[in-house]
Amino acid sequence: SQYGRCLWYMQDLSTDEVIWSYENDPGTADIQRTNWTASNPIFRGMYGRAMFQVALVNEYLRQTTDSKLSDRGVAADLRAEIQTYRAEARFMRALTYWHAMDLFGNPPFVTENDPIGAFLPPQIQRADLFTYIESELLDIEDELAEPNADPITYYGRADRAAAWMVLAKIYLNAEVYTGTPRYA
């Protein structure tokens, strides 16, 4: 919930579509009055939560490789289900990187293939992150559930329509992210 709240604050609170009278949270009044700095606690919170979510996804992907699942004796039916979970996790990372690209421009970039804690993550350029997000979503598209699949099983989970939504969002703003329009 903190992720969503910070995202909403950052994307909407400074616009003319929001009048927010509850300004007890530190940093809220500064955003609404467009008087913020890099030390704003909401901005710092969003940045931290986004990078933490990327770290969680990366670790999940490290722990669910085929070799680790084999070493742990995971049954075939569960392994098939885990493949769907892995695609959903990769979607979550792509979604998070889209938010980071949109809000912060050139965020740090790490995947499950990078060592843990051995280095400061390199900063990725917006255009390169755009390419990564696009390729990641296109790569997992067929591994995600069909839109409106079993609503009981898939309620609240990422399906192909969720991936299409993020692709549409990045394509609509591609000119900002990459310098090249991608409206088509």
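The values are calculated or read from the model by the stated rules, or taken from the named source; none is laboratory data. Owing to the predicted nature of the structure, the values given are computational and were not obtained by experimental measurement. Heads up, the Cβs are rebuilt from the backbone with ideal geometry, glycines too, and the neighbour counts pull from every protein chain shown. With ligands, DNA and RNA removed, areas are computed over all heavy atoms of the protein, side chains included. Shrake-Rupley method; radii C 1.70, N 1.55, O 1.52, S 1.80 Å.
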Residue ID - modelled with the lowest pLDDT, chosen from residues in region 31-61 that are touching an Asp or Glu at 6+ places or on another chain (Cβ under 9 Å) and under 16 Å from Leu103 (Cβ atoms): Trp36
First in region 107-123 and in a loop (DSSP other than H, G, I, E, B), second anywhere and open to solvent by less than 80 Å² (accessible area, probe 1.4 Å) and among the polar types (S, T, N, Q), Cβ under 7 Å, 6 or more apart: Val110/Asn58; Thr111/Asn58; Glu112/Asn58
When residues of region 88-141 are limited to those that are among the β-branched types (Val, Ile, Thr) and open to solvent by 70 Å² or more (accessible area, probe 1.4 Å), the one nearest to Leu13 (Cα to Cα): Thr131
Residue that is nearest to the chain's Cα centre (by Cα), among those in region 6-27 that are in a helix (DSSP H, G or I) and either at pLDDT below 90 or of a type in the set (Phe, Trp, Tyr) (or both): Trp8
Hits in region 31-47 (condition: of a type outside the set (S, T, N, Q) and under 20 Å from Tyr3 (Cβ atoms)): Ile31, Trp36, Ala38, Pro41, Ile42, Phe43, Arg44, Gly45, Met46, Tyr47
